[in-house]
Amino acid sequence: MPRKIVSLPGDGIGKTVLPEAVRVLNAAGFEAEYIHGDIGWEFWCKEGNALPQRTIDLLAEHKIGLFGAITSKPKDAAAKELDPSLRDKGYVYFSPIVGLRQHFNLDICIRPCQSFKGNPLNFIRRSNNGFDEPLVNAVVFRQNTEGLYAGVEWTNPPKVVRNALETHPKMKAFKHVPSEDMAISTRIMSRSACRRIIRAAFEYAKKFGYKNVTVCEKPNVLRETSGMMLSEAKTIAKEYPGIELWDTNIDAQMMWLTKNPEIYGVIVAENMFGDIISDAFAGLIGGLGFACSANIGEEIAVFEPTHGSAPKYQELNPSIVNPIAMILSACMMLDHLGENEKSQRIRNAIAKVVEEGKVKTYDMLKLKGGADVFEKGACTTQQMTDEIIKNIA
């Protein structure tokens, strides 16, 4: 029986790249039934909910989701786009992918950042002999459900919240700020979630032969939250004597990325810091067109590229966007399902296409996106997929 995969194209170019990934999966011999799930901006506008309960039910039943991209807008802009019949009725926009992560506790986010030989977008640095191109092979483990993205925040905090916060001596600096002029976001981290993401990072390093795990936080300032993550890492690291534990501050790490990215193996961080560091590493391997990810819980997993919905490119016909991040996300799904042979054949095909360089999307040619990119040698989204399929051995 073919597996059942919940297909979540979402918004913008998610609707373009997800079908391309399915084409590649079919070409590699992966048999599945794809069941559409409603998610994204359309459903916020007409239903007041970007993540309808029917979609949650589909994922609860089938366990695996393949996700494209969603559009997110700030609170006020989102409210203006609601159907008039829904306005001023208490609906509040919340990112559906964040909602999925929290509802199903998809707390482990894995974001590989690995360069392909011959990619013209790979990081190059000056050396004594001219230039060199270090091989980047880092994997970011991002705690996916807590931290600053947990959504525990207020504008004009209720009196009970304000009173509780004012028990902390640091709140004296805000004593004279009226509550209506105050916005508060909390950074909440639990010891159990820290332990789970750190252990997952060490297990991954052990399985795939990485020699170091780096905790990328800011414990010198965020003493309690980052301090907890680092403290738990030091305890767990004792169980893995062959793997070094490093720790870096998120700000310093941004600088070191462009000095020696090749020395890093597995990196673990809180939600926001993990988001930052994974996008930064993605910039060294070709950008978000090559950045894939997995959101994994105890029972359910959702796989997605880390790029956004790029609505400005949605209406271009033919499409110009790079499908590789989506296809690599599908490879991560195959690995999760134990279909490692098929995923490796697809990755080998991508590597061959990139190294040969005969077919390149507009981003690989360092062009500004627009309908004129084809005149300058760029391929369409579908042509890139065709070339990858042609090279699946």
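Coordinate-derived values only; no laboratory data. In this text the structure is predicted, and so the values were computed from the model without any measurement. Methodologically, a virtual Cβ is constructed for each residue, glycine included, from the backbone with ideal geometry; neighbour enumeration extends over all protein chains shown.
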Taking a label point 7 Å from the Cα of Glu180 along Cα-to-Cβ, the residues of segment 123-159 whose backbone nitrogen sits under 20 Å from it are 154-159
The aspartates and glutamates whose Cα lies under 20 Å from the Cα of Lys73, excluding any fewer than 8 residues away in the same chain, are Asp11, Asp38, Glu42, Glu47, Glu81, Asp83, Asp88, Glu153, Asp275, Asp279, Glu304, Glu315
Summed over the other residues with a beta carbon less than 9 angstrom from that of Tyr362, with K and R at +1 and D and E at -1, the charge totals +3
Given pairs Lys207/Lys358; Lys46/Lys390; Lys170/Lys211; Lys117/Lys211 and cut-off 31 Å on Cα-Cα distance, the over-length ones are Lys207/Lys358; Lys46/Lys390; Lys170/Lys211
Per the 1/(1 + (r/R0)^6) rule, R0 = 56 Å and r from the Cβ atoms of Arg223 and Ile35, FRET efficiency to 0.05 is 0.75
Straight-line reach check, Lys63, cutoff 18 Å on alpha carbons, 8 or more apart in-chain or any other chain, hits among lysines -> Lys4
Placing each pseudo-label 7 Å from Cα in the direction of the beta carbon, Leu86 and Met254 end up separated by a distance in nanometres of 3.5 nm
Per its Cα gyration tensor (rounded if a/c is under 1.5, else prolate when a/b beats b/c, else oblate), the chain is best filed as oblate
Applied in sequence order to segment 31-40, the curve 6.51 cos²θ - 1.76 cosθ + 1.60 (Karplus, θ = phi - 60°) yields integer Hz couplings, x standing for Gly and Pro, of 9, 7, 9, 9, 9, 5, x, 6, 7, x
Expressed in nanometres to one decimal, the distance between label points 7 Å along Cα→Cβ at Ala393 and Glu153 is 4.9 nm
Packing-ranked peptide list from 172-179, 342-349, 237-244, highest mean Cβ count within 10 angstrom first, is 342-349, 237-244, 172-179
Trypsin sites (Lys or Arg not before Pro) in segment 58-120 lying in a DSSP loop, each with at most 14 other Cβ atoms within 10 Å of its Cβ, come to Arg87, Lys89, Lys117
Along the dipole axis of the chain (charges at Cβ: +1 for Lys and Arg, -1 for Asp and Glu; origin at the Cα centre), the most positive-end residue among Gly147, Ile388, Ile13 is Gly147
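Please order Asp386, Asp251 by the number of other Cβ within 10 Å, starting at the fewest. Display every interim value, and only then the final one.
Details: Asp386 18, Asp251 10.
The fewest-first ordering by Cβ neighbours comes to Asp251, Asp386.
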If every Lys and Arg gets +1 and every Asp and Glu gets -1 at its Cβ, then about the Cα centre the chain yields a dipole, in debye to the nearest 20, of 740 debye
If Ile236, Ile285, Ile250 are placed from fewest to most neighbouring beta carbons inside 10 Å, the sequence is Ile236, Ile250, Ile285
Listed by chain and number, the lysines with an alpha carbon less than 26 angstrom from that of Lys172, same-chain partners under 8 positions apart left out, are Lys159, Lys218
Note on segment 173-329: alpha-carbon gyration tensor, axes a ≥ b ≥ c; rule is a/c under 1.5 for rounded, else prolate if a/b larger than b/c, else oblate; result oblate
Most exposed first, judged by fewest Cβ atoms within 10 angstrom, Ser95, Ser185, Ser278, Ser127 run Ser127, Ser185, Ser95, Ser278
